[in-house]
Each structure stands twice: as C-alpha cells, then as structure tokens.
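Asker: Input: one structure, supplied below.
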Ligand code: PMP
C-alpha cells in the first residue's frame, strides 16, 4: 500500500509524505495500521474528527439516511435532513447572532466556504480589497491562498488576487513589533491608524478575515482583549468581520465557537471540518444585512450532502449533550500544564500555548541568541524529527507554523485524561530522543 502511495500519488500533499501510514481501521482516538500497530490520533483529520473515528452516533445517522431512502444528492434542495441540520446549527449559535443570521451551503471544503465569504462581502459592500493577517491560513484555492498570510504555498503561483493586504497578527511569542505580551495593543493602534490613513494604500476594505486561533500558522491564540479591539475597530468603520472558524469551530477551543471567548460576534462566520461530523461540508453564516446576492450569483453542484448534514447534526447534538467544549477546555488546560512541565525537562521547547484542544508547542534552537523579547529561532528540522519519533512511538501529530517549527496537537474532543497522559509520556520520550 505504501509503495502505491510512493509511485502513483501526487507529491502535492504533505501529510502522506510525513506520516508513512497505511490505515487498516480506526475507532475513537486510535488508528490501527496494516500491521496491527496502534496510534493515538492527535491530528484527527486536521481538527475534523471532533468525536474521533467512527463514533456510534455518526454511524447511526448514516444508517438512518440509508434505511429511509433519503436522496444522497439533492443539489441544494430542501429536505427534512437539511432543515433539521440548520435548526441544530442555529440552536448552537449565540442567540443574538442566530436571530439575524442566514446560512449558505458551500462546496464541501473549508476553502469553498472562504471563497463564498469573500464574494459575499465584496458583493455586499461594493468594495474590493480584503485584509487578512500574517501567518493566517484560509485554503489552497487561488482566492483563499491570496488572502493567506502563509507565504510558502504561494511560491510558484504568481497572479494572486489584487487588493489583498496583510496585517500583523498578535503572536505573543514572536510579536512582530518585538513587544511580547503587550504587543497586541500596538497592533490594534497600527490597524486603526492604517485604516484611517489615506496614504496607507489600503482603500476601505470589503472585509477583514481573521482566525481566533491561527491553526496552520502554528496554533497561535489571539489575545481576548485584542479580539475585542478588532471587533470595535471594524464595527466603527462598518467593515464586515469574517471569522474563519473552519478549524476552531464546534467546541475545539473550549467554547462551541472560538469567538465566544471574546464575547464578540462575527458579521460572517465560516465553518467546515467538524461541522460535517466526519464528512465533507462547509457553510457560511452571516448577518442578513449582507445578503445582497443576486439569485444564482454563487452556485455549485455539491452543496447538499445529506449524509454530512445528518452526521453533522448528530455530532453537534452529542457535543452539546456531553458538554464537550467544557471537556476540551479542561483537558486542554491540563495538557498545556503538563507540556510546560516537559518544557522544563527538555532543551528545545520555546513556547507552549493554545486554547482548548488546539495546542502548539514551538520547537526552538536555544544554542542561538534569543531576540529582544526572549524568543529563540524556530527549529523546523528538529520539529520534524520529533514528529517522526512520536510516530514511531504510536502518536500522530502535526507540524506547522513559521519554519514548520510548531508541533500541533488537535486530538478528538472525546479524548480521555488517561489517553492524554499516555500521549505525553511518549511525547517526552520522543523529544528527548530527537534532541540527542
Ligand atoms: N481555514 C482554516 C482556518 C483552516 O484551518 C483550513 C484548513 N486547514 C481552511 C480554511 C481550508 O479548509 P480546506 O482544507 O477544507 O479547504
């Protein structure tokens, strides 16, 4: 199987290259390979598998669709399955946002929904430019790559969207202004001044897009106070705020939606990954005052995936009934505390951070001089070596962020404390082995 992957599969994907794994089966947090070896899955479909692999409620939802001859494809037509899904989604949103929101089904991926969100705000405002943040990631299509701050995937793709500008993100460990924990205040002032300066080269934008915790950018949480400021700044200037919760949404960060940590609301909310309950689905939910679409202005074939709506609804119900956001909050806090203890035992951890079960461990080279705020250069090679040592010890995790130097942990929300403890033992062992 692995040789098939080597010979026939495109080089464009990264996970299959870094994780030489052929999967036989998977249940809950565990994956079993073709030789029967078991792995803790702390990548969980890049944050998709909130309930882990093959959860019973997901299976039951699929069975119900199959048993009742519900059409598997309906374009975007209405069915009771779709109606029930929409009810569940709206019941999960903060009431004040749900009361004024509309939902739009998009293609199956997060990138599809981001594309729709960009077109939505452009249509609604008549403006063209989009502001986003350094280090942000919003997808791999031309449009979504254009507004992604991560630069490496753009290397060979020249003609990207015009009128895209990147603002500094409040990444505390590497504050672009070198100001550490207070840097976010200066970033707010910078954004405000830039928007108000007629010579800044930024015309009134159609929207600003932000991740509450940058995912692919290295599990970087934005400070709550800064998020409140960003909301104030955008509201005062009537600029739609698009919150990309493709990765943070549906309980991962310890709240159903990550924006709830800051007590703010988006104008446009983008969801994918976990909202489909293991299957591909994406939606944009937005303030109906932005609904200036002409009929047929944003169409597509695969928008009505009944299976994904059923599994998505079942997943949302289970998450609420079992208080998984609170569980993610507690377990994430525990995991960060334990990782900070490991930080004291090893040489190469520069920073441990995250929100809920979206955790980043930044691997650095402490033989180099720290910068003015005490952060060391990232060590992507060592991070990769740690990922490999973890893999050998039966733990699947991801690397990302600047220089690929951040180990990213996104385990299923159903993970138990004992499982976290086992992962941490293996992680410490792996990092010590890689450091040798
Ligand atoms: N936005 C964010 C925040 C993401 O993390 C991702 C995927 N990692 C996307 C958008 C794009 O989603 P997809 O890969 O499904 O296109």
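Here, each number is a calculation from the coordinates, and none is a lab measurement. Bear in mind that the values here come from a model prediction, so they are computed numbers and not experimental data. Here the Cβ is made from the backbone with ideal geometry for all residues, glycine too, and neighbour counts use every protein chain on show.
Asker: Take the alpha-carbon centre of the stretch 1-62, take the same for the stretch 307-329, and report the distance between them in whole Å.
Answerer: About 21 Å separates the Cα centre of the stretch 1-62 from the one of the stretch 307-329.
Asker: Based on Cα positions only, what radius of gyration and what Dmax would you give for the chain, in angstroms?
Answerer: Considering the chain through its Cα atoms, Rg and Dmax are 21.3, 65 Å.
Asker: Highest GNM mean-square fluctuation, the chain, Cα pairs closer than 10 Å: which of 314, 91, 206?
Answerer: Answer for the Gaussian network model of the chain: 91.
Asker: So for the stretch 382-424, averaging the separation of alpha carbon pairs under 8 Å that are six or more residues apart and normalising by length, what relative contact order in percent results?
Answerer: RCO, the stretch 382-424: 31 percent.
Asker: What whole-number distance in Å separates the alpha-carbon centres of the stretch 172-216 and the stretch 114-163?
Answerer: Centre-to-centre distance over Cα atoms comes out at 16 Å.
Asker: May I pose another question? Cut-off is 10 Å between beta-carbons; in what order do 309, 415 appear when sorted fewest neighbours first?
Answerer: So the residues, fewest neighbours to most, are 415, 309.
Asker: Sticking with this structure for a sec: Based on the alpha-carbon gyration tensor of the stretch 220-314 and its eigenvalue square roots a ≥ b ≥ c, which shape applies: rounded if a/c is under 1.5, prolate if not and a/b is larger than b/c, or oblate? Don't skip to the end; give the middle numbers.
Answerer: Values: a/c = 3.06, a/b = 1.28, b/c = 2.40.
Verdict is oblate for the stretch 220-314.
Asker: Just 130, 233, 242 to compare: in a GNM of the chain, with alpha carbon springs under 10 Å, which one fluctuates most?
Answerer: Looking only at 130, 233, 242, the biggest GNM fluctuation is shown by 233.
Asker: State, as an integer percentage, the relative contact order of the stretch 202-329 based on alpha-carbon contacts under 8 Å between residues 6 or more apart.
Answerer: Details: 192 pairs, mean separation 29.5, N = 128.
Dividing the mean separation by the residue count of the stretch 202-329 yields 23 percent.
Asker: Using only alpha carbon pairs under 8 Å that are at least six residues apart, calculate the relative contact order of the chain and give it in whole percent. Don't skip to the end; give the middle numbers.
Answerer: On the way: 892 pairs, mean separation 93.0, N = 436.
Relative contact order of the chain: 21 percent.
Asker: Anyone know which of 175, 106, 42 comes out most mobile in the 10 Å Cα GNM of the chain?
Answerer: 175
Asker: Please state, rounded to one decimal and in Å, the Kirkwood hydrodynamic radius that the stretch 312-436 gives when every pair of distinct Cα atoms enters the mean of 1/r.
Answerer: Over the stretch 312-436, the inverse of the mean reciprocal pair distance is 15.1 Å.
Asker: For the stretch 34-121, how big is Rg over Rh, using alpha carbon atoms and the Kirkwood form of Rh?
Answerer: 1.03
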